Amino acid sequence: MKTPVQLITAITQPATPLCRARPVVLLLLSFSAGLASMQPCVATPFEWEYTGSLKTARYHHTSTLLPDGRVLVAGGEDRSDALASAELYDPASGTWSDTGSLNTARDSHTATLLPSGMVLAAGGREPGISLASAELYDPATGTWSPTGSLDIGREFHTATLLPNGMVLVAGGRASGIPLASTELYDPATGTWFPTGSFNMGRVFHTATLLRNGKVLVAGGQDRNQVQLASAELYDPATGTWSATGSLNTARYDHTATLLRNGMVLVAGGNPDELDSAELYDPATGTWSLTGSLNDGRSDAVETLLPNGMVLVADGTSFNLSSAELYDPATGVWSLTGSLNTPRKDHAATLLPNSMVLVSGGALSGRAPLASAELYDPGIALVSVASRLTHGSAGSFDIDMPLSGSSGVEDRQSSTYNAVFTFDVPVTSGEITVISGTATVGPITFSGNEMTAALTGVTDVQTVVLHTQNINDDGLPHGDVPFGFLTGDVNGDRVVDVPDENQINADRSQPVNGSNFRDDINLSGVVDRPDFLAVRANRGHSLP
Ligand SMILES: [Ca+2]
Ligand SMILES: [Ca+2]
């Protein structure tokens with residue numbers, strides 16, 4: 001069967017009105033003859049639609065995106081028992097199929113995709129027993145095989161894949177007692193070994209890998225079933241945990257998500273279905289309150305979308321079905337489409353086509369659910385760049401970040417190319433200047449890229465470009481600032497001596513991916529005219 005990537009490149013026709021915002025889904029459907037009635041055309045941005053149901057209703061299961069784009073759901077709980085069964089979701093057909101069962105039925109375990117493509121299921125419980133066993137799923141054979149066991153049985157722990165390929169399992173509880181111990185799994189040997197311990201036992205906490213490679217653990221419940229405000233950091237280099245700033249509000253059963261800007265968003269949780277949310281800043285080690293959820297919730301699922309927003313879905317004791325979007329740029333939560341079925345203790349996975357798959361869960365009263373739903377976050381703007389050609393050296397892009405300070409275009413041209421990359425192929429769209437001096441010329445489309453030719457750009461200014469109506473979706477897609485500062489080859493927003501020094505250091509070099517900013521006049525070589533361009537603009541700066 002063709003891969004989704006091949007299918008995307010095969011698209012030549014604009015989507016029909018039935019699936020206007022989702023040409024990729026339309027095409028996938030056309031390759032899945034006979035399944036069209038089963039797989040709804042999920043074409044409505046910001047809405048949820050049912051997809052195929054799980055074969056076995058379950059909650060407290062895991063959901064893992066495999067490298068081939070399918071989703072592995074494993075274990076979980078039905079009304080009274082732990083489940084050994086596992087299922088695969090195929091996004092192309094919207095259907096679930098059986099795959100090999102776990103050797104040990106388990107719920108409230110963890111599942112981690114390893115760099116090898118195997119999935120590690122660790123710990124969990126069966127009625128009355130905290131499990132130490134672990135097993136590996138091989139997507140090639142669809143089978144599970146035992147691997148080394150944890151030092152101690154644990155459930156409701158966290159598992160985090162570290163940059164070095166090891167898996168850090170932390171806390172959780174054994175026989176009802178929260179654990180302070182943490183362990184590392186080495187995929188090369190299939191064995192576990194102990195690493196540092198928390199300052200206290202905690203369960204129902206969260207663990208988040210930070211950009212600096214450390215792991216942030218926040219909140220949870222202690223052995224007296226009291227909610228915790230404390231947070232700790234794990235340093236893989238030393239194998240130790242140390243205290244960091246405490247949450248403003250003690251909580252457990254919350255969600256935690258690493259944002260694009262490197263901050264960690266923690267939202268909701270218990271006791272009493274909190275509506276507050278907080279941001280952790282790794283630079284300062286402190287938490288600050290951000291906008292509150294519209295609906296208090298716990299045991300929710302949270303997903304970072306390709307557009308940088310965070311989707312939190314459902315998760316309350318009150319059979320609410322609402323979902324909300326967090327915008328890191330404004331710190332505000334807004335209600336989005338509601339799920340068709342209220343659920344908690346469900347699982348969510350972001351699919352390669354940007355849809356979010358939610359599966360299973362339980363209604364209040366612990367009735368397990370088989371249904372699954374897809375959320376369409378709309379077309380996402382993934383990245384933006386200013387692209388220019390340097391003689392025969394080729395084209396090079398300067399990144400224009402979607403949030404925070406603008407990127408800085410330091411090169412000199414009569415026409416600049418603003419390149420907008422989306423998460424789906426684009427065939428139509430609009431770009432307008434909402435501030436600054438520039439004229440938008442012809443807009444071209446190629447694959448996932450939309451490129452606007454900008455003319456009349458004056459130097460030393462920020463131009464904000466607004467994009468909308470991509471593939472006729474009628475929606476805005478972000479305002480992106482472009483900084484223009486000729487001569488700022490080191491991109492620090494001021495043209496000064498260090499820029500001259502950088503050009504002198506690279507003088508006479510042919511242009512390549514690491515020095516292209518030096519080639520201000522686009523000649524393809526770092527030369528004297530580039531130096532003179534800096535000299536002529538010395539003292540210019542951008543805020
Ligand atoms: Ca500079
Ligand atoms: Ca040059």
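When you go through Thr467, Thr458, Thr451 one by one, which is the residue that is more than 16 Å from ligand 1 (Cβ to nearest atom), closer than 15 Å to Phe422 by Cβ and surrounded by fewer than 21 Cβ atoms within 10 Å (Cβ to Cβ)?
Thr451
Among the residues that make up the range 379-395, is at least one of them open to solvent by less than 20 Å² (accessible area, probe 1.4 Å), modelled with pLDDT under 95 and not in a strand (DSSP E or B)?
Yes, the conditions are met somewhere in the range 379-395.
Return only the number of the condition from (1) touching a Gly at 6+ places or on another chain (Cβ under 8 Å); (2) touching a residue at least 60 places away in the same chain (Cβ under 8 Å) that Ala452 does not satisfy.
(2)
Answer yes or no as to whether Thr427 is farther than 25 Å from Ala329 by Cβ and part of a loop (DSSP other than H, G, I, E, B). Talk me through it step by step, then tell me what you get.
Numbers: farther than 25 Å from Ala329 by Cβ: yes; part of a loop (DSSP other than H, G, I, E, B): yes.
Yes; evaluated as a whole, the condition is true for this residue.
Residues in the range 505-524: is at least one small (Gly, Ala, Ser) and surrounded by 14 or more Cβ atoms within 10 Å (Cβ to Cβ)?
yes
Taking the range 465-506 only, how many residues are among the basic types (Lys, Arg) and modelled with pLDDT under 95?
So the answer is 0.
Considering only residues of the range 396-415 that are more than 16 Å from ligand 2 (Cβ to nearest atom) and in a strand (DSSP E or B), which is most open to solvent (accessible area, probe 1.4 Å)?
Asp399
Are there any strands (runs of 3 or more DSSP E) wholly within the range 309-355 with 2 or more residues that are open to solvent by 10 Å² or more (accessible area, probe 1.4 Å), and if so which?
Qualifying strands (runs of 3 or more DSSP E): 323-327, 332-336, 347-350.
Per-residue answers, yes or no, for (1) out of contact with any Lys or Arg (no Cβ under 8 Å at 6 or more places or on another chain); (2) more than 10 Å from ligand 1 (Cβ to nearest atom); (3) of a type outside the set (Gly, Ala, Ser):
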{"position": "Phe484", "(1), (2), (3)": "yes, yes, yes"}
{"position": "Asn490", "(1), (2), (3)": "no, no, yes"}
{"position": "Glu500", "(1), (2), (3)": "no, no, yes"}
{"position": "Ile503", "(1), (2), (3)": "yes, yes, yes"}
{"position": "Val525", "(1), (2), (3)": "yes, yes, yes"}
{"position": "Phe531", "(1), (2), (3)": "no, yes, yes"}
{"position": "Pro543", "(1), (2), (3)": "no, yes, yes"}
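Which strands (runs of 3 or more DSSP E) does the range 134-178 wholly contain that include 2 or more residues that are surrounded by fewer than 17 Cβ atoms within 10 Å (Cβ to Cβ) and modelled with pLDDT of 95 or more?
Of the strands (runs of 3 or more DSSP E) lying wholly inside the range 134-178, those with at least 2 residues that are surrounded by fewer than 17 Cβ atoms within 10 Å (Cβ to Cβ) and modelled with pLDDT of 95 or more span 143-147.
Could you please let me know if Phe422 is aromatic (Phe, Trp, Tyr) and open to solvent by less than 50 Å² (accessible area, probe 1.4 Å)?
The answer is yes for Phe422.
Give the residues of the range 121-133 that are assigned to a loop (DSSP other than H, G, I, E, B) and either within 23 Å of the chain's Cα centre (by Cα) or under 19 Å from Pro194 (Cβ atoms) (or both), sorted by residue number.
Residues satisfying the conditions are Gly123, Leu131, Ala132, Ser133.
Look through Ser116, Ser97 and report the one residue that is within 19 Å of Pro139 (Cα to Cα), small (Gly, Ala, Ser), open to solvent by 50 Å² or more (accessible area, probe 1.4 Å) and within 24 Å of the chain's Cα centre (by Cα). Full working, then the answer.
Details: Ser97 fails: within 24 Å of the chain's Cα centre (by Cα).
Being within 19 Å of Pro139 (Cα to Cα), small (Gly, Ala, Ser), open to solvent by 50 Å² or more (accessible area, probe 1.4 Å) and within 24 Å of the chain's Cα centre (by Cα) holds for just one of Ser116, Ser97, which is Ser116.
For the range 200-272, which strands (runs of 3 or more DSSP E) that fit wholly inside it have 3 or more residues that are open to solvent by 30 Å² or more (accessible area, probe 1.4 Å) and assigned by TED's automatic domain parsing to the domain that holds Gly171?
By residue number, 240-244.
What pairs come up if the first residue lies in the range 519-535 and is small (Gly, Ala, Ser), the second is open to solvent by less than 10 Å² (accessible area, probe 1.4 Å), and their beta carbons are under 6 Å apart, counting only those six or more places apart or on different chains?
Partner pairs satisfying both residue conditions: Gly524/His390; Ala533/Gly487; Ala533/Ile520.
Take the residues in the range 67-100 that are assigned to a loop (DSSP other than H, G, I, E, B) and hydroxyl-bearing (Ser, Thr, Tyr), then tell me which one is farthest from Ala372 (Cα to Cα).
By that ranking, first place goes to Ser80.
Please tell me if Thr467 is of a type in the set (Ser, Thr, Tyr) and away from ligand 2 (no atom under 16 Å from the Cβ).
Spelling it out, Thr467 is indeed of a type in the set (Ser, Thr, Tyr) and away from ligand 2 (no atom under 16 Å from the Cβ).
If I filter the range 258-269 for residues that are under 21 Å from His346 (Cβ atoms) and in contact with a Lys or Arg (Cβ under 6 Å, 6 or more places away or on another chain), do I get at least one hit?
yes
The values are calculated or read from the model by the stated rules, or taken from the named source; none is laboratory data. Note that the structure is a prediction, hence the values are computed from the model and not measured. Counting neighbours? That spans all protein chains shown, and the Cβs are built from the backbone with ideal geometry, glycine included. These area figures cover heavy atoms from the full protein model, side chains too; ligands, DNA and RNA do not enter into them. Shrake-Rupley method; radii C 1.70, N 1.55, O 1.52, S 1.80 Å.
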